[in-house]
Amino acid sequence: MIKKNTNPIKLIRYFKFINYNLIYNNKAINRYKKVSYEISDDKADNLERLKKSIQKIKNCSLKDCATNMVFGDGNPKSKIMFIGEAPGANEDEEGLPFVGRAGLLLDKMLAAIDLDRKKVYISNIINYRPPENRRPTDEEIKRYLPFITKHIEIIDPKIVVLLGSTAMNALIGNEVVISKMRGKWIEKKFGNCKTSVIVTFHPAFLIRQPAQKKMAWIDLKMIRDKKI
Ligand code: URA
């Protein structure tokens, strides 16, 4: 047991003595360890094939500027799939969706309805980070739409939660607005997957507009109470 006010020089000597590696770096701690889930060979193959087809995209400036592709995270067997907009800087670095500030809030939102990343599956409309975190263009969304549609079909969730207006407009249509659309169940088909869809606010929006959290809480309770 190390005493609270131990002299730092003595501490360094002690750590050297026990061969402890005192190396510091400024890399973010990856709180999201990859867990492997036992999924059917079919689902695993389909996800792998989809990942490869996204990696093969040509002439895409998003891909050219990004460090990593951000495919998905969570439990591929889950009945609930959350879909955001596009990776940010932290996601680009980690190769995982929602690991930055918005991700922390998403984790809290999940916890509020007794969910976590092991119980849901998470992806984005776009798989590569747009430079300076700008909103993806209509053209970029159009290009990545077949991939997220296929992704939903493979995961085959009973519930799809669209986080924010980019995900909503991409998958429901441009004629709808989030203030009218959030907190309502609609039935949708993505390929062969028939699923119930709900729109709620994006966690990054909720960080900017915390007063809207009460509306998001209504949506979260609808997700919690949905019979699936
Ligand atoms: N915002 C998103 O829409 N997706 C992420 O993965 C991170 C932030």
Nearest-0.05 FRET efficiency for L11 and I186, computed from C-beta distance (R0 41 Å)
0.10
List the lysines whose Cα lies under 26 Å from the Cα of K3, skipping any in the same chain that are fewer than 8 positions away.
K16
Amide proton proximity set for V199, modelled H, under 5 Å, gap of 5+
L162, G183, K184
Compute the acute angle (0 to 90°) between the alpha-carbon long axis of helix 8-17 and the principal axis of greatest extent of the alpha-carbon atoms of the chain; round to the nearest 10°.
80 degrees
What do you get for Rg/Rh of the chain when both radii come from the Cα atoms and Rh is the Kirkwood radius?
1.06
Give me the accessible area per residue for the range 57-225, probe 1.4 Å, as a whole number in Å².
46 Å²
So how far apart, in nm, are the two label points at K58 and R224 if each is 7 Å from Cα heading toward Cβ?
5.1 nm
How far is helix 101-112 tilted, in degrees, relative to the longest principal axis of the Cα atoms in the chain, given as a value from 0 to 90 rounded to the nearest 10?
70 degrees
Can you give the convex hull volume per residue for the Cα atoms of the range 48-168, as a whole number of Å³?
96 Å³
Efficiency by 1/(1 + (r/R0)^6): what FRET value for L145 and S40, r their Cβ-Cβ distance, R0 = 30 Å, to the nearest 0.05?
0.70
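Could you tell me which of rounded, prolate or oblate describes the range 40-91, using a ≥ b ≥ c as the square roots of the eigenvalues of the alpha-carbon gyration tensor, with rounded for a/c under 1.5 and, failing that, prolate when a/b is larger than b/c and oblate otherwise?
oblate
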If you take every DSSP beta bridge whose two residues both sit in the range 109-228, what share of them, in percent to the nearest 5, is antiparallel?
50 percent
Inter-label distance for K119 and K158, nm, one decimal - labels placed 7 Å from Cα along Cα-to-Cβ
1.3 nm
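The values are calculated or read from the model by the stated rules, or taken from the named source; none is laboratory data. In this text, all values refer to a predicted model and were calculated from it rather than measured experimentally. Here the Cβ is made from the backbone with ideal geometry for all residues, glycine too, and neighbour counts use every protein chain on show. Only protein heavy atoms, including side chains, enter the accessible area calculation; ligands, DNA and RNA are left aside. Shrake-Rupley method; radii C 1.70, N 1.55, O 1.52, S 1.80 Å.
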